[in-house]
1. With point charges of +1 on the Cβ of Lys and Arg and -1 on the Cβ of Asp and Glu, referenced to the Cα centre of the chain, which listed residue (TRP175, PHE95, ALA144) lies farthest in the positive direction of the dipole?
2. Name the GluC sites (Glu not before Pro) in region 1-60 that are in a loop by DSSP and that have at most 10 other C-beta atoms within 10 Å, would you?
3. Could you give the angle, 0 to 90 degrees to the nearest 10, between helix 173-183's Cα long axis and the longest principal axis of the Cα atoms of the chain?
4. Let's test this: bin the Cα-Cα distances of the chain at 10 Å from zero up to the farthest pair and state each bin's percent.
5. List the relative contact order of the chain as a percent without decimals, with contacts defined as Cα pairs under 8 Å and 6+ residues apart.
6. How do VAL99, VAL60 line up, fewest other C-beta atoms within 10 Å first?
7. As a quick test, which of the pairs LYS143/LYS181; LYS130/LYS168; LYS94/LYS181; LYS49/LYS143; LYS133/LYS172 have an alpha carbon distance above 21 angstrom in this structure?
8. For ASP178 and LEU93, what is the calculated FRET efficiency with R₀ set at 22 Å and r taken between the beta-carbons, to the nearest 0.05?
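Each reported figure results from applying straightforward, stated rules to the coordinates on display, with no laboratory input. Quick caveat: nothing in here was measured; it's all calculated off a predicted structure. All Cβ positions, glycine included, derive from the backbone under ideal geometry; neighbour counts span all protein chains shown.
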Amino acid sequence: MYFLCQKEDTVRIPPHRLGEDENSVLQELATASFEGRMDSDSSFTVLVKDVTKNGEGRIVHGDGGVYQSVKYTALVFKVELNEVVQGTICEVLKFGAFVRFGPLDGLLHISQIMDDRMDVDEGNRRIIGKDTKRDLRLDDKVKARIVTVVLNERSLRESRIGLTMRQKGLGKLEWTEDDRKKERGEEAPVKKKKEKKE
């Protein structure tokens with residue numbers, strides 16, 4: 001989930017940048033230092049804005065730079081266990097599919113897609129239910145629930161997020177809409193078969 005929050009941290013202003021416009025230098029350095037970073041509270045900083053100087057800078061003996069404390073507004077993304085997320089299928093493999101939501105990817109294991117036996121068509125990058133004939137393809141929009149979270153602060157790509165779609169209201173968006181129509185008694189239009197002309 002996305003949050004806006006106020007943060008404080010320190011940036012190092014290199015000696016060759018000391019004569020430049022302070023506000024633009026602080027914004028540039030804070031953006032480079034904090035955006036795309038996983039914090040200790042497992043939140044991922046997506047955007048940094050409104051950077052302001054916080055007190056006087058410090059000079060460390062033997063270092064020509066200035067260490068300046070700054071306050072800023074951060075747009076952060078934090079993964080919560082049991083949260084329902086909407087994402088896009090970004091990869092289909094023989095053991096399941098990866099779903100991209102926000103700045104992260106989660107694994108939708110083949111056993112967690114639906115209550116059906118599954119076939120994987122790796123050549124066409126899709127997963128098909130044997131009985132329901134519902135399929136999941138690359139770029140499909142899905143709604144899933146987060147069931148496991150193991151984040152790696154050093155390498156976000158090595159984080160493991162497990163997803164499930166085996167509950168009511170979850171799945172490919174077209175599936176959930178079809179299920180709602182069936183519950184309301186509205187049937188999807190049936191396609192007529194073409195008659196052969198002799």
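1. Sorting the options by dipole projection puts first TRP175.
2. Passing sites in region 1-60 are GLU56.
3. Roughly 50 degrees between the two axes.
4. 8, 26, 22, 17, 13, 9, 4, 1, 0, 0
5. 17 percent
6. The order, fewest Cβ neighbours first, is VAL60, VAL99.
7. Beyond 21 Å: LYS94/LYS181; LYS49/LYS143.
8. Efficiency computed from Cβ-Cβ geometry: 0.30.
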